[in-house]
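A short worksheet on the structure shown next.
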Amino acid sequence: MKKYDHKEIERKWQLRWEKDGTFATQDDASKRKCFVLDMFPYPSGNGLHVGHPEGYTATDIVSRKRRMEGWNVLHPMGWDAFGLPAENYAIKTGVHPRESTWKNIDNFRRQLKMLGFSYDWSREINTADPSYYRWTQWLFLFLYKHDLAYKQKAPVNWCTSCQTVLANEQVVDGRCERCKSEVIQKNLEQWFFRVTKYADRLLEGLERVDWPERIKAMQVNWIGRSEGTEIVFRGTTHAAGGAGKDYSLTVFTTRPDTLFGVSYVVLAPEHPLVMELVAPDRRAEVEAYVKATQAKSELTRTGLEQEKSGVPLGANVVHPLTGATVPLWIADYVLANYGTGAVMGVPAHDDRDFAFAGKYGLPVTYVIAPPRDVAQARHDEGNEHAYTEPGYLVNSREFDGLTSDDAKNKITDALEAKSLGKRRVQYHLRDWLISRQRYWGAPIPIIYCETCGEVPVPEDRLPVLLPDDVDFRPTGESPLTRSVSFHEVNCPRCGKKARRESDTMDAFVDSSWYFLRFASPHEGERAFSSHAVNYWCPVDLYVGGAEHAVLHLMFARFFTKVLFDHGLVPFDEPFTKLRSQGLILGEDGQKMSKSRGNVINPDDVVAEHGADTLRLYEMFMGDFEAAKPWDTKGILGVRRFLDRSWVIVHDVVHQRRDSVSDALRRALHKTIKKVSSDIEACKFNTAISALMILLNDWYEQGGGDKEFCGAYLRLLSPFAPHLAEELWALIGNETSIALTPWPAHDEALVKDETVFLVVQVNGKVRDRIEADAGLEEEDAKAKAFASPKIAPLLEGKRILKTIVVRDKLVNIVLQ
């Protein structure tokens, strides 16, 4: 018998699949479709490490099973190729990002093919290719046309080293997550997409998708829908030698029931009224505080662990219901671009406000009493914390004694009657800032003309190509600003000399619609074929890391809903089913990283143990969505399983075995049922365990014929496709195993012949008896009553009733 040589076998079948186009996909409306998609990778210079193939292996297993079940499967791969990492690498090495990115893609493609994934490589896409970003630009113009893309000045996170805008999630402890440099706040003209217009629909859609609850919860929290009340505080500005100007401040609160506990009102340092309201003797201190705030990121300012700071303005407003004077402050934990840029401070009933008031000696007035003590307000001196739960109102005039819920409505009614408040829904979600002052991204297709103003590039002039005559080193403005060729353009409307927009788009824009492009990747006249998208989409199974739970998934859902609203797609949720793989950790239990020296290169594992072994091991390590440490001993055990499969199938062929015992046949059909259901549930580890148990039974009992071998190999093939193909050919088959039917189990053979019935008397277990499976109720009772352990307990007793659960339980209830 020839030795199992994984190198020879895997290369042989990879070449065969490619030559035969085994996994090429055809649009065939007569067949039921299944679109299985990976979150496509960013092609970094480091190539894959063993954590990457985990999700890819899972989708490949599902795709292979679906094909064998007769589905028309779309399983494509592409590259999220634009973005900051490639540009930073280019700056560091002097190599143009196009050159380094294309080289990285070649390496990634080689590694993925080495692992035997059944991708349709004819549909490969690259977001940095003009044939792709032409349509990213078209989608920008589509949003612009429908008033969903706009430009305005806004405070942004600015990395002092990368010299570009960062999303909040890219700022960690006030520093850039990539280069660790300080992040400051900067006011810039930026392009935005109106994601907030879709806030409620983004919430509602989560109820209709099969996603992990934790991912849904993260999106719900990010959208942050709050029902509350807008409250107006009025005041008068300072005026030298005369009457000041009346003004009003609007705050939003979800706790209008605490209004009578307001001790102060806080404005964001950037609020436009700050310099109008500040008292002359406070101006210098306020200006210094505002300047210091500009150096802090939003996450730093709002972090719960950060000590709160503020400065009084020396101005006051009037309480809308009591007429009392309320002092004005500024504090950096209030953001100008969230809500109204002003909040009311209620120290007795908010932990943050309580700490702020304690630091600056502001009054603390308790106006909500706990339900257990309606009469006693918690306003005594010496309280050491805020009371943040609902309760009953106290110290709130005519509203005393009301519950918090009743008071919210009645206080809001009172405010509305005086035109000093109204009900409102507010969201944490903010519009999507897409401008990037970097080179390696899709140019924003807008032209600025002194005569015509802001002019969109005509669709027939797309793509707006990235120029090559660019020094992409960061200077604080977009590198495209310094390209002469890029800005040699005339206005599309009046023909006069004009200038292009020099910002590029956030790379998340590219990945927000790529799944649609896979349906018709070679379409030249439009972003996607309606016919192809109507057939293939939405995505039936989407697999990727939980780190994309908010931004990527939210933006893809936003794009889909916009396209749905305008009749371009017939669905408004892009991913029907979502699963997230857990991290594969180093053998030290830490996250894999070059700095820790614990990274495992899949090239090395495949060379030593084989691609099938790597695939099988990663699925066998543990629960798919849990974090799991790499274990070299574990991978050796999986390789031994494949070696044994090789040996036993050869034994069947060469020894011409043709017998299968009833017990082994039953074990096979139970395994077919188990593996089939486990793949559907993404329980790949238990599916593999079932295959291992079947192989052990087979090895111990001997026997087996080609039909038995064929069923076993078809179950194994999604997990270890190269070995399965080789052994499938060995037992006399010419067609690829990937194109053969998935085995079906016989329900009669799956059922156990005998079971153990638990027998209870008055709910207490008294015996376990063996019985034929499927025993009728009266027969089960008779067998239980006749048990030597049960019969004595029934003597002289009256049986009130007997409860029978088929094949499981007999419970005898005595008087």
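The values are calculated or read from the model by the stated rules, or taken from the named source; none is laboratory data. Source: prediction; values computed, not measured. Glycine gets a Cβ as well: all are built from the backbone with ideal geometry, and neighbour counts include every protein chain shown. Heads up: the accessible areas ignore ligands, DNA and RNA and are worked out on the full protein's heavy atoms, side chains in. Shrake-Rupley method; radii C 1.70, N 1.55, O 1.52, S 1.80 Å.
With only the Cα atoms considered, segment 510-561 has a convex hull volume of 86 Å³ per residue. Separation of the alpha carbons by more than 24 angstrom is noted, of Lys151/Lys577; Lys7/Lys113; Lys3/Lys670, for Lys151/Lys577; Lys3/Lys670. Computed from the C-beta positions of Arg644 and Phe756, the FRET efficiency with R₀ = 25 Å rounds to 0.20. For segment 602-607, 3J(HN,Hα) computed residue by residue from phi via the Karplus equation (6.51, -1.76, 1.60; θ = phi - 60°) reads x, 4, 5, 5, 5, 4 Hz, glycine and proline entered as x. Pairs of Cα atoms nearer than 8 Å and 6+ residues apart set the relative contact order; for the chain it is 14 percent. Radius of gyration (Cα atoms) of segment 776-815, expressed as a multiple of 2.2 N^0.38 Å: 1.10. Of all lysines in the structure, the ones whose alpha carbon falls short of 18 Å from that of Lys422, not counting any fewer than 8 places away in one chain, are Lys408, Lys410.
Listed values for segment 758-764 are Karplus-derived 3J(HN,Hα) couplings in whole Hz (6.51 cos²θ - 1.76 cosθ + 1.60, θ = phi - 60°), namely 7, 10, 10, 10, 6, x, 9, and x replaces Gly and Pro.
Applying both filters, DSSP loop and at most 15 other Cβ atoms within 10 Å, to the GluC sites (Glu not before Pro) of segment 427-468 gives Glu450. An ellipsoid equivalent to the chain, defined through the eigenvalues of its Cα gyration tensor, has semi-axes of 58, 42, 23 Å when rounded to whole angstrom and sorted largest first.
Each residue of segment 729-744 is assigned a 3J(HN,Hα), and the resulting list reads 5, 4, 8, x, 9, 9, 6, 4, 4, 5, 10, 9, x, 5, x, 10 Hz, derived from the Karplus form 6.51 cos²θ - 1.76 cosθ + 1.60 (θ = phi - 60°), x at Gly and Pro.
With a 1.4 Å probe rolled over the protein heavy atoms of all chains, the accessible area of Lys2, Lys19 falls in the order Lys19, Lys2, largest first. Here the simple spin-label model places points 7 Å from the Cα toward Cβ, and for Ala284 and Gln152 these points are separated by 3.6 nm.
Take every Cα pair under 8 Å whose residues are at least 6 apart in sequence, average their separation, divide by the length of segment 33-135, and the relative contact order is 37 percent.
Between the Cα long axis of helix 662-680 and the first principal axis of the chain there is an angle of about 10°, rounded to the nearest 10.
Packing-wise, with mean Cβ within 10 Å as the measure, how do 668-678, 747-757 rank, highest first?
Listed from highest to lowest mean packing, they are 668-678, 747-757.
Using a probe of 1.4 angstrom and keeping all protein chains present, the accessible surface of segment 526-591 works out to 33 square angstrom per residue. Each label point was placed 7 Å from the Cα along the Cα-to-Cβ direction; for Lys2 and Thr632 their separation is 3.1 nm. Loop-located trypsin sites (Lys or Arg not before Pro) in segment 775-810 (DSSP state not H, G, I, E or B) with no more than 16 neighbouring Cβ atoms inside 10 Å: Lys789, Lys797, Arg798, Arg806, Lys808. Considering only Pro574, Val533, Gly622, and ranking their Cα positions along the charge dipole of the chain that arises from unit charges at the beta-carbon of Lys, Arg, Asp and Glu, the one farthest toward the positive end is Val533. Please compare each pair in Lys186/Lys291; Lys153/Lys186; Lys145/Lys197; Lys674/Lys783 to a cut-off of 21 Å on the Cα-Cα distance and tell me which ones are over it. From the list (Lys186/Lys291; Lys153/Lys186; Lys145/Lys197; Lys674/Lys783), the Cα-Cα distance tops 21 Å for Lys674/Lys783. DSSP finds beta bridges in the chain, and of those with both partners inside it, around 80 percent are antiparallel.
If R0 is taken as 60 Å, the Cβ-Cβ distance between Leu188 and Thr322 corresponds to a FRET efficiency of 0.90. Measuring r between the beta carbons of Lys591 and Asp471 and using R0 = 22 Å, the FRET efficiency lands at 0.05. For Asp767, the amide hydrogen comes within under 5 Å of the amide hydrogens of Val759, counting only partners 5 or more places away or on other chains and with H modelled in the peptide plane. For Val394, nonlocal amide neighbours, meaning residues 5 or more places apart or on other chains whose placed amide H falls under 5 Å from its own, are Ile368, Ala369, Gly401. If you wrap the tightest convex hull around every Cα atom of segment 575-709 and split its volume per residue, you get 130 Å³.
The charge dipole of segment 381-446, taken about its Cα centre with unit charges on the Cβ atoms of Lys, Arg (+1), Asp and Glu (-1) only, comes to about 720 debye.
Relative contact order for segment 530-579: 55 percent, from Cα pairs under 8 Å spaced at least 6 residues apart, divided by residue count. When +1 charges are put on Lys and Arg Cβ atoms and -1 charges on Asp and Glu Cβ atoms, the dipole computed for segment 138-250 relative to its Cα centre reaches about 340 debye.
May I ask you to give the percent of accessible area on the chain that is carbon plus sulfur, with a probe radius of 1.4 Å? Of all accessible area on the chain, carbon and sulfur atoms account for 49 percent. Amide H contacts for Asp332 (H built 1.01 Å from N in the peptide plane; partners 5 or more residues away or on another chain; cut-off under 5 Å): Ser309.
Largest first, the residues Ser530, Ser511 sort by 1.4 Å accessible area into Ser530, Ser511.
Projecting the Cα atoms of Asn696, Ala199, Tyr366 onto the dipole axis of the chain, where Lys and Arg carry +1 and Asp and Glu carry -1 at the beta carbon, places Asn696 farthest toward the positive end.
Let's see if you can work this out: charge +1 on each Lys and Arg Cβ, -1 on each Asp and Glu Cβ, no other charges. What is the dipole magnitude of the chain about its Cα centre, in debye to the nearest 20? All intermediate terms of the calculation are to be shown ahead of the outcome.
Numbers: 104 positive and 113 negative charges, 62 e Å.
That gives the chain a dipole magnitude of about 300 debye.
Across segment 476-570, the fraction of Cα-Cα pairs farther apart than 15 Å, rounded to a whole number, is 72%. Restricting the GluC sites (Glu not before Pro) of segment 768-815 to loop positions (DSSP other than H, G, I, E, B) with no more than 13 neighbouring Cβ atoms within 10 Å leaves Glu776, Glu795.
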